[in-house]
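Below is one structure, written out as structure tokens; the observations come after it.
The values are calculated or read from the model by the stated rules, or taken from the named source; none is laboratory data. All values reported here derive from a predicted model rather than from experimental measurement. No Cβ is skipped: glycine too gets one built from the backbone with ideal geometry, and neighbour counts run over all protein chains shown. Surface areas here come from the heavy atoms of the whole protein model, side chains and all, with no ligands, DNA or RNA. Shrake-Rupley method; radii C 1.70, N 1.55, O 1.52, S 1.80 Å.
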Amino acid sequence: CNRIDRNTGGMVIAAKDAEALRVMNAYIRDDRLSKCYLCLVHGKPLRDRATLTGYLRKDSARNTVEVRDKAFPGAKEIITKYRVLSEREDKSLLEVELVTGRTHQIRAHLAHVGHPLVGDGKYGRERINRQYGEKRQALYSYRLVFDFKTDAGILSYLNGKSFQVQSVDFADKYFPGFTI
């Protein structure tokens, strides 16, 4: 039903049959569930929580995206919420919620505001990534919350439920003792 970028860990939603797929896809499209990610970024954001807005344009030929603060030709609006969970030295552990879900949105949006993901070879800082020896970006889809506003038919049993991973490797490595 949904996807995550290559080299990103975490949960995805799958459907057992065509009817469940149809309903779940509609609810994802209508923003009736929350997808939260953990990520490890370089630096410390100025605010403990924020809603970032911007515009993203995909370059399919190069498999990259460009983010700017103002609208530009071919770009779509993006909205990314974050909350700082912990800070240590020159790194921050963030919880990120996607309001819009565009290709590479979290990675590119955070890099655009000066806080690229640790280990991200595409939008990150290679010099710093080498320092940590990370082979993939520190990004993990770790929580799904179902909040249906209307009857979900065969998926009604999911309403109000939350599913969360209890341990994420990079959080354990850089923030020992931190509990999600």
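Here is the link list: LYS58/LYS173; LYS44/LYS122; LYS16/LYS122; LYS58/LYS149; LYS44/LYS135. Which ones come out longer than 30 Å on Cα distance?
Listed pairs above 30 Å: LYS58/LYS173; LYS16/LYS122; LYS58/LYS149.
May I ask for the net charge around GLY54, where only other residues with Cβ less than 9 Å from the Cβ of GLY54 are counted and Lys, Arg are +1 while Asp, Glu are -1?
0
Report relative contact order for the chain in percent, whole number only (criteria: Cα-Cα under 8 Å, sequence separation at least 6).
Relative contact order comes out at 25 percent.
Any chance you could give the angle, 0 to 90 degrees and rounded to 10, that helix 18-29 forms with the longest Cα principal axis of the chain?
50 degrees
What does the helix-only formula give at 222 nm for the chain: each DSSP H stretch with n ≥ 4 adding -39500 (n - 2.57), the total divided by the residues, and the result rounded to the nearest 500 deg cm²/dmol?
-5000 deg cm²/dmol
Using a 1.4 angstrom probe, figure out how much accessible area the chain has per residue, in square angstrom, rounded to the nearest whole.
Accessible area per residue: 55 Å².
Can you give the charge dipole size of the chain about its Cα centre, rounded to the nearest 20 debye, using +1 on the beta carbon of Lys and Arg and -1 on the beta carbon of Asp and Glu?
Dipole size: approximately 420 debye.
Want the number for THR53 to VAL145: 0.36 nm per residue separation, take away the alpha-carbon distance, what's left?
Extra length from THR53 to VAL145 when fully extended: 30.9 nm.
If I compute solvent accessible area with a 1.4 Å probe over the protein chains, what percent of it on the chain is carbon and sulfur?
After summing per-atom areas, the C and S share lands at 46 percent.
Which one, ILE180, LEU158, GLN105, is farthest towards the positive end of the dipole of segment 72-180 when Lys and Arg carry +1 and Asp and Glu -1 on their Cβ?
Projecting each Cα onto the dipole axis, the largest value belongs to GLN105.
Summing Lys, Arg as +1 and Asp, Glu as -1, what charge do residues with Cβ under 13 Å from the Cβ of ILE78 carry, ILE78 excluded?
That works out to +4.
Hand me the GluC sites (Glu not before Pro) from segment 1-110 located in a DSSP loop with no more than 14 other Cβ atoms within 10 Å, in residue order please.
Counting only loop positions with at most 14 other Cβ atoms within 10 Å, the GluC sites (Glu not before Pro) in segment 1-110 are GLU89.
Among the trypsin sites (Lys or Arg not before Pro) in segment 100-180, which ones are in a DSSP loop with at most 12 other Cβ atoms within 10 Å of the Cβ? Mind listing them?
LYS135, LYS149, LYS161
If all Cα-Cα distances of the chain are sorted into 10 Å bins from 0 onward, what percent lands in each bin, rounded to whole numbers?
Taking every Cα pair in the chain, the percentages come to 9, 35, 35, 18, 3, 0.
Please list, in chain and number order, the residues 5+ apart from GLN137 or on another chain whose amide H is under 5 Å from its amide H, with Hs placed from the backbone.
Residues meeting the criterion, in which the H sits 1.01 Å from N, are GLY121.
Once you have the Cα-Cα distance between GLU66 and SER34, take 0.36 nm times their residue separation minus that, and quote the gain in nm to one decimal.
Result: 9.1 nm gained on full extension.
May I ask for the Kirkwood hydrodynamic radius of segment 128-180, worked out over all distinct Cα pairs and given in angstroms to one decimal?
Computed over segment 128-180, the radius equals 13.9 Å.
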